[in-house]
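Participant: Take a look at the following structure, please.
The values are calculated or read from the model by the stated rules, or taken from the named source; none is laboratory data. If you're wondering where the values come from, they're calculated on a predicted model, not measured in any experiment. Neighbour counts run over all protein chains shown; Cβ positions are idealised from the backbone, glycine included. Surface accessibility is based on the protein's heavy atoms, side chains included, excluding ligands, DNA and RNA. Shrake-Rupley method; radii C 1.70, N 1.55, O 1.52, S 1.80 Å.
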Amino acid sequence: MTTNRLVLRSMRKNLKMYYLYFFAMIFSIGLYYIFSTLQHDASIGELMDTSMNFSTAFQVAGILLIVLTIIFSIYATNIFLRRRSQELGIYQLIGLSKFWIVRILLLENLILSIGALLIGMVFGTMLSRFFLLILLNLIGIEEIVGLSLSWQATIQTLLVFVLLTIVSSIQIVMKIYKSTLIELFHAEKKQDDLTKRPSLTVGLLAVMGFLLVASGYYVSTTILDHIESLFFMMLLVLALTILGTYLIFRTSISWVLYLFRKKKDGHLGLYHSLSVAPLMHRMKEHANSLTLITVLSAMTITMISLSYSLYYSLESDTTLSMPFDFVLEDMENEAATLVETLDEEELDFSHNEVNMLRFQADFLEADSHQEPRTQHVMLLPAEQLQQAGLEVPIPKDGEAVYYHLRTLIEGADGSLPKEVLYEDTFSLTITELVIENAMNYNFYGQQLVVSEQTFEEAFEIMQQDDDVEQVVLHTFLLDQTEDREEASPLFMSSFEGDLFLIDYHSLYQESLQSFGLIIFVSGFLGFVFLVSTGSILYFKQMTEAEQEKNQYKTLRQLGFQVHDIMKGIIRKQAFVFLIPLLIGLLHAIFAINVGSVLVVSSIVTPILIAMTVYVFIYLVFAVLTINYYRQIVKSSL
């Protein structure tokens, strides 16, 4: 029999094993081709009018996608080789050399990889249009864009394919040359050594796992207090939580299971024998994969939740940042032109003038031992802002309300009261901090709102000072928010030059494209992460089901029914799937708490939506695994 015929015969015989590996390759290549096609489509970048670099965002995400694809491929290849270990052992037993076996496996791997490449690229080509429509919908572009085939995307995908093939080939070579004949025959039966009593060291490591995770959580709550060392703090949190998570799966859970068995005096019964016992024998083996799945789950949930929160809260955050549709500073003629233009277009609006003083003042903190901070101040009268259409309280005379939307992001000191002092001639007491803006964000200065009487007193004191700017702000509010899109170009055409002026609608559209791109990229990566983690668990449990088939046959011969056996199996799968999920959710909650400063509005709703969707899709893999076990149990007899 020739080598080629033997390869084809082996592939037909092992078709049931190959389809998992084949699916992993097709999935990885297909999704990467879709991503590359969108990345290199010039028409999308031209339509986007955002400061965020479209290509850069896709390049960074592409690197993450390659890394995850390699990890996924390594796990799939490892499971595939393990399931064929006895066959490889038989090849050696009948006298075939390791070089010959490696050549056969590499040839099989090459055939499979080329097939996966072709199918994956066809699959990617068909679905690229679908993902393009999702992206355009997220960034608010209604124009019809034709997606052309990109040679750059094809070449990039081919390079990734070559990389995956090289990695899997190295795995095959190392597996054959490093494994002994006995190891190959016992690979599928390999279990952890179960000691009668865990050592004191194991007990200490078990406790240390929980302490490391708790320490990571605590440090994450203090990150905002150490903005200057943000990168180091983030690395510290990652190191503590990942190492702690590994120890939890490696030792802590084993210790808990040991205590459970001890409590039962070793008599576990049918259900616990099918759930607890297999876990006790394989917990060390599962530690790496369960840690990886937990970390990926936490990353995915955090990434999707925060990006969706930014997108979900876009309109409310824009409103907090830009309370007026248009504002012009000391531009009387331009304001008159805009009023005339809006009237011609029959757009309903309100136009008001708000006086403002801009000057430098010293901010004295509540702790008098601290040095005062000198900052530019925008002093605004509350009554005029109310007349302009804002709902702001009127402070008492001599007091001010501090409006600062970016307080949390900038790590500003929110302690009150604060004293604001201008050249020993005028002072204010800040009694309240409001996390929003009283004037559009593009006007320079710290926004302090005072009563009309306090404003007049300040004006009398400062009017002769050349360093104080006396400004008139022309504010515009449209009666119908639907008119913003039509009015925005009219505002931009009412003045000449490249002045830094921006209106509500322009900021909203720019943010929509930026956050739409972010949620698309994070959603795409999140989907890949989710499918990868679910598939890794699914593949591993399928392998275990095949290994345990004889045990189920024995139980069936003893008279146990399928539903009796399935009760124990369901408990085991609940543990395998839910423990990484729950720990991942807990990790994500603390990570989201740190990232929540990026969003001013409430993020509870979008986070709950994102988590619910993630958990639902994740549990689909648990259901598929249980159904596969049910088929194995039924067919065992």
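Participant: Using a 7 Å offset from the Cα along the Cα-to-Cβ direction at both THR222 and MET234, what is the distance between the two label points in nm, to one decimal?
Facilitator: 2.0
Participant: Distance in nm between label sites at SER493 and VAL339, each 7 Å beyond Cα in the beta-carbon direction?
Facilitator: The modelled label-to-label distance comes out at 2.1 nm.
Participant: On to the next question. Which entries of LYS262/LYS572; LYS178/LYS567; LYS572/LYS634; LYS263/LYS567 show an alpha-carbon separation above 29 angstrom in the structure shown? Don't skip to the answer; put the middle values down first.
Facilitator: Working: LYS262/LYS572 19 Å; LYS178/LYS567 39 Å; LYS572/LYS634 18 Å; LYS263/LYS567 21 Å.
The answer is LYS178/LYS567.
Participant: Dipole size in debye (nearest 20) for the range 374-516 around its Cα centre, Lys and Arg Cβ +1, Asp and Glu Cβ -1? Write out the running numbers ahead of the final one.
Facilitator: Details: 4 positive and 28 negative charges, 95 e Å.
Here the size comes out at about 460 debye.
Participant: Determine, for each peptide in 355-363, 158-166, the mean count of other beta carbons within 10 angstrom over its residues, then list the peptides with the highest first.
Facilitator: Details: 355-363: 19.0, 158-166: 16.6.
Ranked by mean Cβ neighbours within 10 Å, highest first: 355-363, 158-166.
Participant: Quick one: 3J(HN,Hα) in Hz for the range 378-385, Karplus 6.51/-1.76/1.60 with θ = phi - 60°, rounded, Gly and Pro as x.
Facilitator: So the Karplus estimates, Gly and Pro as x, are 9, 9, 10, x, 5, 4, 6, 5 Hz.
Participant: Okay, next question. Mind ordering 91-102, 299-310, 483-494 by average Cβ neighbours within 10 Å, highest first? All intermediate terms of the calculation are to be shown ahead of the outcome.
Facilitator: Details: 91-102: 13.8, 299-310: 24.8, 483-494: 17.2.
So the order, starting with the most tightly packed, is 299-310, 483-494, 91-102.
Participant: From the mean inverse distance of alpha carbon pairs (Kirkwood) and the Cα radius of gyration, derive Rg over Rh for the range 326-502. Don't skip to the answer; put the middle values down first.
Facilitator: Numbers: Rg = 17.4 Å, Rh = 17.4 Å.
Taking Rh as the inverse mean 1/r over Cα pairs, Rg/Rh reads 1.00.
Participant: Mind ranking 460-466, 472-478 by how tightly packed they are, going by the mean number of other C-beta atoms within 10 angstrom, highest first?
Facilitator: Numbers: 460-466: 11.4, 472-478: 20.9.
Result, highest mean Cβ count within 10 Å first: 472-478, 460-466.
Participant: Say R0 is 60 Å: what FRET efficiency, to the nearest 0.05, do VAL167 and GLU460 get from their beta-carbon distance?
Facilitator: Numbers: r = 76 Å, r/R0 = 1.27.
In this case the efficiency is close to 0.20.
Participant: Find the eigenvalues of the gyration tensor of the Cα atoms of the range 472-592, then list the square roots of 5 times those eigenvalues as equivalent ellipsoid semi-axes, largest first, in whole angstrom. Could the numbers behind the result be given before it?
Facilitator: Values: eigenvalues 764, 39, 33 Å².
Values for the range 472-592, descending: 62, 14, 13 Å.
Participant: Using 0.36 nm per residue, how much length does the chain from PHE527 to ILE74 gain when fully extended, once their Cα-Cα distance is taken away?
Facilitator: Working: separation 453, 0.36 × 453 = 163.08 nm, distance 1.88 nm.
Length gained between PHE527 and ILE74: 161.2 nm.
Participant: Rank these by accessible area, largest first, 1.4 Å probe: LEU558, LEU64, LEU405, LEU421. Show your work: numbers first, answer last.
Facilitator: Numbers: LEU558 125, LEU64 80, LEU405 25, LEU421 45 Å².
My answer, sorted largest first, is LEU558, LEU64, LEU421, LEU405.
Participant: What FRET efficiency comes out for GLU546 versus ALA574 if R0 is 22 angstrom and r is the Cβ-Cβ distance? Round to the nearest 0.05.
Facilitator: Values: r = 21 Å, r/R0 = 0.93.
The pair GLU546/ALA574 has a calculated efficiency of 0.60.
Participant: Work out, step by step, the length gained on full extension between GLU485 and HIS376: first 0.36 nm times the residue separation, then minus their alpha carbon distance; give nm to one decimal.
Facilitator: Values: separation 109, 0.36 × 109 = 39.24 nm, distance 3.30 nm.
Extending this stretch completely gives an extra 35.9 nm.
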